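The structure under discussion appears below in the form of structure tokens.
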Amino acid sequence: METLADLARVLRELRRRYARTHGDAEPTYRELAAKTGWSHGIIGEYLSGRVLPPTDRFDTLVRLLGALPAEQRALATARDRVEENRRRERTASDAGYRPRTVVPRTAGRGRSPRQLPMDVFGFTGRTAQLAELDALLDQGERQALAVISAVAGTAGVGKTALAVRWAHRAADRFPDGQLYIDLRGYDPEQPVSPGDALSRFLRDLGLDGARIPADLDERAACYRTMLAERRVLVVLDNAYGADQVRPLLPGTPSCFVLVTSRDALAGLVARDGARRIALDLLAPAEAVALLRTLIGPRVDADLPAAVALTDRCARLPLALRIVAESANARPDLALADLLADVDDERRRLELLDLLDLTGDQRTTVRSVFSWSYRRLGAERARVFGLLGLHPGPDADLYATAALANLDLARARMALDDLARAHLIQATPGPGRYSMHDLLRAYAVERATSAVTAADRHAALTGLFDYYLYCAAAAMNTLFPHERRGRPEVPPPKTPVPVLDARDDAERWLDRERPNLVAVAVHTAKHGWPRHSVDLSRILWRAFEVGGHYQEALAVHTSAAAAAEHGQGLASVLANLGNIHWWLGDHLKAQTHFEESLAGHRVTGDPEGEARALARLGVVHERLGAYDAALARLREALALYRTLGDRYSEGAQLVNIGTVHRRLGRYPEAAEAQQQAAMLFAEIGEPRLEGYALGNLGALYSLLGRYDEALAHLERALMNCRATKDRGGEGSALGAIGLTQLRSERYPEALEHLRQALAISRETGDRNLETETLGALGRCLRALGDAESALGHFHDALALAERTGDRYEQARALDGIAWVEGDAGRLAQAHRNWRKALTIYEDLGVPEARQVRTALGE
């Protein structure tokens, strides 16, 4: 055994041998998880060869799988050899030779992110710290060590500036990219959770959002897998402590992690081997040099005043930049007069706590902020204070106008002036601004004292109205057929962007997603329940299509708490059910849909009732309760016909036809799909017409009418490609491949099935992925590649177990049994067929007859 794939293959063989020895089925991932306390997802990563288990976990796993003592020792040696081989490959790669690698299946499309913020103008000093970081990088490369560097220091001391400056200097030594995130560790509202940070990084690395695991440990394992063998710099800015950082650490020495925090991060140093770099105040000469860079010759013209100004700013770069901007705004004012202004302000202010600065620093920074604030003018000062109340990470021109009730011209001037004064800072993206957390705390203080409670409430209501209206407008553009199911939102009093074009609507939702989530959570907690509920009702489809499941979970959970027993709760519960469905938790989804159905019936909402019935039908189908599925789908169909919603009527016909096909009721299945195809053609919906035609083609394939099947499937493929529906395209390709497999055109089948599998992983369609893995297993078996076939069947089984899809579990077990039988392992084959038969008979599907034949019954 030399590779991770070799090691995983032996682990899987141990699992099969355990079953043969004990006369039982192979232990499932969930059974192994229950015995170890690990997640079943990470066990799947180990057994599939996606992740190398740590030594202690590897030893535990081989013991559980029945390895004898001598085998355990041999396997431990083999594991160490695999790890050493992987280390040598990384070392060779770093020395200039990059071996050919394969991106893990969980990784999807690889990307090389370039996320560093713009370098800071006028960066001064910190020579020793930059040199220390250079040395750590050199040492890590020489010794193939994982390096974690923690830059710790007080607020405003320049930790981010140092990290960004060094990251830009070292960027070319990380050819696979640079990841950056502001963890907002000291944000009083909502620091970034490790799970949300991982979700963002995984998307940035190329993983489709729909494939991001729900479990934090599984998500971290997937992140480590995607970074394995890659040379990436990870900058984790503004962390509150080791617990926020630890899940974001890569598992490979090819990466370098740079963390900044006000905390000393002792736990990260002690447990994870981080190297702490303490960042103190600028040295006196460095502070004067920074002023010289920012102000120019006036510093040397009045050096004593310049030195005194650096003292008044506690030699903190943030405060020095604010003072320098004020000096530049009044070029005729002598620095001595500027110093007198600052001293007057300092004497005027009483001591007030400001975050975690020391007493002298707190007084100094607050006096500098106040001195700059008092020079803003009334409107600019009001905008500054209100921006501190914004619950999201940043704001653009329109959001600022909504918050301050301004037209765009006045809002733009206010933002420009605040940016010039260094009271806000530009962020990635056109016209977007954020605040340093010290300034945000000061802004909130100013808003609280200078703006009445009623005016603050009105300002935030204007902001929330703006986000609600624009979200609805964007969704109406992207999903017009669902407009009647969304709440009507009146336009806000302030200007809004035009979102009539699909591209504009998609871009707006993508840019504003973090703010929309923050607003939904904030409004639920602080007295705007309707906004939280309506955001859930408006955005649910965008979250699902984009695979933003964790963000959706946060929004819908907050909305459910805000609604309690009030208006909109039933719709929110349906949204929660949808997310749990996509996450593979079908039983929890069923519970939410049933609660939603009851709620809609109480309030007399037929559209909501129809939607809950339709989703319940799909859940029942996936769980194998086909009679219940048909009953719910028929109820939904009748309601949609009464409502005149032809789009949803056609969707239910497609779903009904699918259940009939599963049960072997082929004439009924054909009739339902034909009706759906004609309906979608009449209303001009080619995408869903393609779905109906694809299902009709899949039915004809089952019946051996291969030419007719391929004709329908090719048309379905054409429609889905024309409408850029990647999921539908993948389904059509998979059905074409399966038809070619049945007609014994194996090379063509293999090509189409591989394309379908790639699309399923790109889009995160777990149902399609499971079905395609099984079909590939059958194709590879027909081509004589038993080992690859068995691997595909086991992957299909693992995925079906994870999602609760019993039909696909039985299909995978049937495939495994055929490969076992081909190899002469008849007892094991019969055990797997028995398991498959039990499931098939319980489901009442025709495949049970085929398994009985295989068993000789």
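The values are calculated or read from the model by the stated rules, or taken from the named source; none is laboratory data. Values in this document were obtained by computation on a predicted structure and should not be read as measured data. All Cβ positions, glycine included, derive from the backbone under ideal geometry; neighbour counts span all protein chains shown. Remember, those area values only see protein heavy atoms, side chains included, never the ligands or the DNA or RNA. Shrake-Rupley method; radii C 1.70, N 1.55, O 1.52, S 1.80 Å.
Report, in deg cm²/dmol and to the nearest 500, the calculated mean residue ellipticity at 222 nm for the chain, where each DSSP H run with n ≥ 4 adds -39500 (n - 2.57) and the sum is divided by the residue count. Before the final figure, lay out each step's value.
Details: 40 runs with 579 residues, N = 857.
Calculated at 222 nm, the ellipticity per residue is -22000 deg cm²/dmol.
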*Once phi is turned into θ = phi - 60°, what whole-Hz ³J(HN,Hα) does the Karplus curve with 6.51, -1.76 and 1.60 give for every residue of the range 130-142, x standing for Gly and Pro?*
4, 5, 5, 5, 4, 5, 4, 5, 4, 4, x, 5, 5
*Positive dipole terminus of the chain, leading residue within ALA782, HIS436, ALA524 (C-beta point charges)*: ALA782
*asked:* Restricting to Cα pairs below 8 Å that are 6+ residues apart, what does the relative contact order work out to for the chain? Please round to a whole percent.
replied: 7
_Under 12 Å, Cβ to Cβ, from ASP59 - net charge with Lys/Arg +1 and Asp/Glu -1_ = +1
*asked:* Give the lysines whose C-alpha is closer than 26 Å to that of LYS493, dropping any in the same chain fewer than 8 places away, or say none.
replied: LYS525
*Mind ranking 766-773, 446-453 by how tightly packed they are, going by the mean number of other C-beta atoms within 10 angstrom, highest first?*
766-773, 446-453
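Once fully extended, how much extra length lies between ASP627 and ASP503, figured as 0.36 nm per residue of separation less the alpha-carbon to alpha-carbon distance? The partial results should precede the final answer.
Details: separation 124, 0.36 × 124 = 44.64 nm, distance 4.20 nm.
Stretched fully, the ASP627-ASP503 segment lengthens by 40.4 nm.
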_Phi to ³J(HN,Hα) by Karplus 6.51 cos²θ - 1.76 cosθ + 1.60 over the range 429-435, Hz, x for Gly, Pro_ = x, x, x, 10, 9, 9, 10
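Grab the other residues whose beta carbon is less than 12 angstrom from that of ARG456, score K and R as +1, D and E as -1, and report the net. Mind showing how you got there, number by number?
Values: positive: ARG382, ARG446; negative: ASP455.
Result for the local shell: +1.
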*Report, in debye and to the nearest 20, how large the dipole of the range 618-683 comes out about its Cα centre when Lys and Arg carry +1 and Asp and Glu carry -1 on their Cβ.*
160
*Counted charge near VAL572, where neighbours are those whose Cβ lies closer than 11 Å (Asp, Glu -1; Lys, Arg +1)*: -2
*Stretched out fully, how many nm does the piece from LYS493 to ARG374 gain, at 0.36 nm a residue minus the Cα gap?*
39.9 nm
*Name the residue farthest towards the positive end of the dipole of the chain from the options HIS390, VAL147, PHE58, assuming +1 on Cβ of Lys and Arg, -1 on Cβ of Asp and Glu, about the Cα centre.*
PHE58
*So for the pair ASP300, ARG17, with labels modelled 7 Å out along Cα→Cβ, what separation do we get in nm?*
7.9
*Using the alpha-carbon centroid of each, what span in Å lies between the range 603-658 and the range 548-590?*
19
*Work out, step by step, the length gained on full extension between ARG142 and ALA74: first 0.36 nm times the residue separation, then minus their alpha carbon distance; give nm to one decimal.*
21.5 nm
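What does the charge dipole of the chain about its Cα centre add up to, to the nearest 20 debye, if the Cβ of each Lys and Arg holds +1 and the Cβ of each Asp and Glu holds -1?
On the way: 111 positive and 115 negative charges, 196 e Å.
Charge dipole of the chain: 940 debye, to the nearest 20.
For the range 113-215, calculate the relative contact order in percent as a whole number, restricting contacts to Cα pairs under 8 Å that are 6 or more residues apart. Present the calculation step by step, with values, prior to reporting the outcome.
Details: 64 pairs, mean separation 33.2, N = 103.
Reported as a whole number, the value is 32 percent.
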_Heavy-atom accessible surface of the chain: percent carbon and sulfur, 1.4 Å_ = 51
_So for each of 648-654, 271-277, 527-533 I average, over its residues, the number of other beta carbons within 10 Å; can you give me the resulting order with the highest mean first?_
648-654, 527-533, 271-277
*Roughly how tilted is helix 706-722, in degrees to the nearest 10 and between 0 and 90, from the longest Cα axis of the chain?*
10
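So how do 515-526, 370-381 stack up, highest first, on mean other-Cβ count within 10 Å? If you can, show how the numbers build up before the last one.
On the way: 515-526: 22.8, 370-381: 17.3.
Sorting 515-526, 370-381 by mean packing, highest first, produces 515-526, 370-381.
About the Cα centre of the range 694-796, how large is the charge dipole given +1 on each Lys and Arg Cβ and -1 on each Asp and Glu Cβ? Please answer in debye to the nearest 20. Mind dumping the intermediate values first?
Values: 12 positive and 15 negative charges, 31 e Å.
Magnitude of the dipole: close to 140 debye.
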_With a 1.4 Å probe and all protein chains left in place, how much accessible area per residue does the chain have, in Å²?_
41
_I need to check one value: relative contact order of the range 694-737, counting alpha carbon pairs closer than 8 Å and at least 6 residues apart, in percent._
39
